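One structure below.
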Amino acid sequence: MSPSADTHCPYCALQCAMTLTPTDAAADAATTPVTVTGRDFPTNRGGLCKKGWTSAELLRAPSRLGAPLVRGADGVLHEASWDDALDLVAASLRGIRSEHGADAVGVFGGGGLTNEKAYLLGKFARLALGTSRIDYNGRYCMSSAAAAGNRAFGVDRGLPFPLEDLDGAETVLLLGTNVAETMPPFIGHLAGAQAAGGLVVVDPRRTATARLTEDGRGLHVQPVPGTDLPLLLGLIHIVIAERLVDLDYVDSRTVGFERVRRSVAAWWPERVQSVTGVAALTLKRLARRLASGRGTYILTGRGVEQHVDGTDTATAAINLALLLGLPGRVGSGYGTLTGQGNGQGGREHGQKCDQLPGYRKITDPEARAHVARVWGVDPEAIPGPGVPAVELLKMLGAPGGVRALMVHGSNLVVSSPNVLDVRAGLERLDLLVVCDFFLSETAALADVVLPITQWAEEEGTMTSLEGRVIRRRRAITPPSGVRDELWILHELAERLGCTAAFDTDPETVFEELRLASEGGIADYSGIDYAMLDRGEAAHWPYPRGGTGTPRLFAERFAHPDGLARLVPVAVRETARPAPIGAEITLITGRLLEHYQSGAQTRRVPELLEARPEAIATLHPATGLRLGIDDDDEVELANHRGVVRCRARLTPDIRPDAVFLPFHYGDDQAANLLTSDAVDPISAMPEFKTSVVGIRRIAAASLRSAETGVPA
């Protein structure tokens, strides 16, 4: 039996540490191949959530793919050999490129891929395929926060300080994040703020996180959905009007104060109250608390970022933090909470349409020359910038658009906005290739499905929400019929006649990544597997011969002059449609038991049994108005699609909203209803608020626990 392996959870960016110990699974089919033990680590301190504790069940789930699948002339997916499947993919790609050009091939990556896979996928797209058409699902997750961080600070790292720093905080403002359900071990770091009565949660719902403020432990602010930007502008107005600005900090470390001061002049508290529904006195109380100097942190999540004005909203939060003098000071700060497991590293090394490794801009001649030297090619061989995810998906099967798509680590027909249009685009393709562990809703549409290794079966690195590079270690041998994506990319590159190196050894790929990132914003050149295996903390930037950077901005920001930018932003009244008549605002989000599209967690019996179906939660007053009772079957609809599910009445949501989780597929996919309108800066879709009608369609008829994907 193999020795235990110290690794990290396969789910969120908290990257909780765990130890995997192989079991004698062969002797008992009901035994998982490894046992999971929580391991002490700064983020989780030995704790895991339900998803982490049950993660081993995925390794030998009955529905796991064990051989490549190729769609036959009968329209059905059939098992095939690896050689036949890869030969077919390569031949099809060559034909499509020859007939339609290199940009007729697209690549869609994921924020759960290791750094090595994300790096090699970007290299594969640009050299082996010669296409600019690559983007990834992090566009749906972190793009607005990243855009805001880049223009304010000159760098995008989710948390520019270690998570442990929150332990000493007395005031923590959480905007649009439900950490108690999305990353439960996180809440241990909020105990100090709770004890000081300073935990503030802004959310239209009384979530598990919002309930942490009860009993004098803080404040829950419940604004009208979609009004986070006016709320923040109002707080900035109060901070300036009441002379709560840290003028020494603003004068010495920022530029742009006068423009921001003028831009918020019209957002006096009573006006903000009329727009957001938050009392003027509450706004003043909150602004004064934030300015009290009691170890204050401001943290944002997807709830305020996944909007067509998400970049401006995140920018307003940064402006507030800068005016209070928080970023870069010991015991205070601003950060954004990365969601996907490698959402940080996944956006640094080449999956994004406008980016090269090290978070370099693909349009920068020096960046192109540097990466070209590492890759051994002429800079002209590297395509220019592509298009972001939503635009890429709109090109599928369109004249002059993308004819073939390779999907890695993403379940597009559940996680993308305006799902019916995405499905139609996928069905128009000449070739759809999906790499996955299971036959996800997207894989079920593919022409070729390639089964891949899972986290306990592979080596590599991830980058946590703190910008800390950590090791993923192999605990068990993968099933004989699956392959690592590094091997798949190597094999396809050879078949496509690409002479650039595509190594299959993760450490060798990481060594190349180090060289490619050297001198970039996200510089990993001083990090290697040996130091990570010794347990050394490695926060980027970590230049060769230097040290890591657990805390950014202590002396300067990343702009050439070292100063942060205060950027004025404004409310666009037409940013999103407003409900009319009986319409209501739909809010989407996550549940404790599930993760992302649910492609993994809906295959864990314990998690599926706990949350077998999508439930629409409504306020009792809304139910009374619409004639909907608890457990009634309801239909949520707009011009994009229809979702049918059960209703649950609870006072934990505002009467002007309905909540739907986004983990389910088919006719319960929340993204059937969401808009593919995007933020003009980040290209983030409007996930969090959509206008829907809702009606009762039948009396309660409880669904069976088998709803969803079979375990």
Using only the heavy atoms of the protein chains and a 1.4 Å probe, how would Asp215, Asp312 rank by accessible area, largest first? Asp215, Asp312
Averaged per residue, what accessible surface does segment 405-456 expose to a 1.4 Å probe, in Å²? 21 Å²
List His100, His189, ordered by accessible area with a 1.4 Å probe, largest first: His100, His189
Extension length gain for Ala501 and Ala570 (0.36 nm per residue less Cα distance), in nm, is 20.1 nm
Taking the chain and dividing mean pair separation by its residue count, relative contact order in percent (alpha carbons under 8 Å, at least six apart): 18 percent
Using the Karplus curve 6.51 cos²θ - 1.76 cosθ + 1.60 with θ = phi - 60°, work out ³J(HN,Hα) for each residue of segment 405-422 in order, rounded to whole Hz, and write x for Gly and Pro. 9, 10, 10, 10, x, 8, 10, 4, 7, 10, 8, 8, x, 6, 4, 4, 5, 5
Accessible surface, per residue, of segment 1-85 when the full set of protein chains is kept, probe 1.4 Å, Å²: 43 Å²
Which residues among segment 470-489 fall inside the zone where the amide N is under 19 Å from a point 7 Å beyond the Cα of Asp87, along Cα→Cβ? 488-489
Classify segment 577-683 as rounded, prolate or oblate from the Cα gyration tensor: take a ≥ b ≥ c as the square roots of its eigenvalues, call it rounded if a/c is under 1.5, otherwise prolate when a/b beats b/c and oblate if not. oblate
Would you work out the relative contact order for segment 112-244, in percent, from Cα pairs under 8 angstrom that are 6 or more residues apart? 15 percent
Order of exposure, largest accessible area first, which applies to Arg602, Arg205 with probe 1.4 Å: Arg205, Arg602
For Glu242 and Glu427 in one chain, what is 0.36 nm times their gap in residues minus the Cα-Cα distance, to one decimal in nm? 60.8 nm
For segment 224-241, Karplus couplings with θ = phi - 60° (6.51, -1.76, 1.60), whole Hz, Gly/Pro x: 4, x, x, 10, 5, 5, x, 4, 5, 4, x, 5, 4, 4, 5, 4, 6, 5
Rolling a 1.4 Å sphere over the protein heavy atoms, what is the accessible area per residue of segment 134-246, to the nearest Å²? 24 Å²
Could you work out the relative contact order of segment 462-568, using alpha carbon pairs under 8 angstrom and six or more residues apart, expressed as a whole percent? 22 percent
Could you check how much of the accessible area of segment 94-235 is carbon and sulfur, as a whole percent, using a 1.4 Å probe? 45 percent
Tell me, what % of the accessible area of segment 537-688 is carbon and sulfur with a 1.4 angstrom probe? 55 percent
Amide H contacts under 5 Å for Tyr334, restricted to residues at least 5 apart in sequence or on another chain and with H modeled in the peptide plane, are Ile298, Gly328
With a ≥ b ≥ c taken as the square roots of the eigenvalues of the C-alpha gyration tensor of segment 379-523, please select rounded if a/c is under 1.5 and otherwise prolate if a/b is larger than b/c or oblate if it is not? prolate
With all protein chains present, calculate the accessible area of Tyr11 using a 1.4 Å probe and round the result to the nearest 10 Å². 0 Å²
Per DSSP H run of n ≥ 4, the term is -39500 (n - 2.57); total these for the chain, divide by its residue number, and report the mean residue ellipticity at 222 nm rounded to 500 deg cm²/dmol. -7500 deg cm²/dmol
Using θ = phi - 60° and the Karplus curve 6.51 cos²θ - 1.76 cosθ + 1.60, what whole-Hz ³J(HN,Hα) does each residue of segment 523-536 get, with Gly and Pro shown as x? 8, 9, 5, x, 9, 9, 4, 4, 5, 5, 5, 7, x, 6
Name the residues whose placed amide hydrogens come within less than 5 Å of the amide hydrogen of Val107, ignoring near sequence neighbours (fewer than 5 apart) on the same chain. Ile134, Asp135, Met406
Looking at this model, which pairs from Lys51/Lys688; Lys123/Lys394; Lys51/Lys361; Lys51/Lys123; Lys117/Lys394; Lys50/Lys352 are more than 28 angstrom apart at the alpha-carbon? Lys51/Lys361; Lys51/Lys123; Lys50/Lys352
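The values are calculated or read from the model by the stated rules, or taken from the named source; none is laboratory data. Note that this is a predicted model, so its numbers are computed, not measured. Every residue, glycine among them, receives a Cβ derived from its backbone with ideal geometry; neighbour counts consider all protein chains shown. The protein model used for the area step is the full one, side chains on, heavy atoms only, and it has no ligands, DNA or RNA in it. Shrake-Rupley method; radii C 1.70, N 1.55, O 1.52, S 1.80 Å.
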